[in-house]
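The values are calculated or read from the model by the stated rules, or taken from the named source; none is laboratory data. Since we're looking at a predicted model, the values are computed, not measured. Quick reminder, even Gly has a Cβ in these numbers, built from the backbone with ideal geometry, and neighbours come from all protein chains shown.
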Amino acid sequence: MDRYKSFKELASSEEPNAFGIVAVDQHSVYMRCRSTRRKIEPGTSELARAVAGELFSLYLFEGRKSAGNSDLHITSTNFDEPSGLSLVGGSDVAIAMRGCQGSDEVIYLGGKHRVLTDKLAKTFKRGGFVIDVHRNPMLQGTDRRNSCNRGRSGMWIQFELTRALRDWLTSAPREKTGSTLSDFVDAIREAVSEIEK
């Protein structure tokens with residue numbers, strides 16, 4: 001259970017330096033929505049930054065406490081931080097990059113944008129990634145109250161990335177075999193470019 005039911009409640013209870021917000025408007029059709037990192041959902045900010053680059057708008061809500069960052073988690077249906085909602089509202093489609101538990105390297109793909117979901121499944125599989133739908137309905141990104149559904153199209157994409165996959169993709173380069181951060185970024189950008197044609 002979340003400690004806070006809204007961003008307003010969180011902000012009035014936590015110290016100002018307990019969290020940080022990044023909102024970069026690239027005036028793009030697509031954006032990365034509500035990625036969280038640093039002991040809330042480690043690795044998601046790094047992945048969102050890599051995918052967004054200078055192409056897509058980017059929103060990050062980051063925990064910065066020395067301990068207890070899980071207290072800062074607000075479920076997507078209750079997340080109402082104003083700059084994040086504004087950025088989503090100015091985009092056609094939002095893509096939420098979130099973290100879940102898991103010792104296998106899996107991307108759980110969900111959301112309401114079925115065309116883009118299908119394209120992403122294909123490009124991810126070509127990149128060597130394992131794709132699945134999470135068994136927990138709360139992690140499938142289909143709830144219309146999800147804060148990412150407030151884009152102009154009312155459709156969004158949600159990734160639930162296992163801890164094992166996030167650790168693998170954000171680890172320091174070394175003699176790794178298998179899919180890389182570059183493969184992850186390329187898969188998303190390829191799918192988006194096909195939709196935009």
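General observations
- Set side by side, the residues F79, F124 differ, and just one is over 29 Å from F7 (Cβ atoms) and among the aromatic types (F, W, Y), which is F124.
- The selection criterion, being in contact with a Ser or Thr (Cβ under 9 Å, 6 or more places away or on another chain) and among the acidic types (D, E), does not hold for E196.
- Whichever residue in the range 138-180 is of a type in the set (A, V, I, L, M) and out of contact with any Leu (no Cβ under 6 Å at 6 or more places or on another chain) and, among such residues, is modelled with the lowest pLDDT: A172
- Summed over the range 98-126, residues that are among the small types (G, A, S) and crowded, with 18+ Cβ neighbours inside 10 Å total 4.
- Counted residues, the range 124-152 - those being under 16 Å from the mean Cα position of the chain (by Cα) and at positive phi: 1
- Residue among R152, R145, R135, R166 that is of a type in the set (D, E, K, R) and assigned to a helix (DSSP H, G or I): R166
- Residues in the range 80-97 that are crowded, with 23+ Cβ neighbours inside 10 Å and over 13 Å from G20 (Cα atoms): 8 in all.
- Residues of the range 12-21 classified as modelled with pLDDT under 95 and surrounded by 15 or more Cβ atoms within 10 Å (Cβ to Cβ), total: 2
- Residues located in the range 146-167, provided they are surrounded by fewer than 21 Cβ atoms within 10 Å (Cβ to Cβ) and under 18 Å from E194 (Cβ atoms): S153, M155
- Among residues of the range 169-185 being more than 16 Å from the chain's Cα centre (by Cα) and part of a helix (DSSP H, G or I), the one that is surrounded by the fewest Cβ atoms within 10 Å (Cβ to Cβ) is S182.
- Any hit, the range 131-145, residues being among the β-branched types (V, I, T), without any contact (Cβ under 8 Å) to a residue 24 or more places away in the chain and surrounded by 13 or more Cβ atoms within 10 Å (Cβ to Cβ): no
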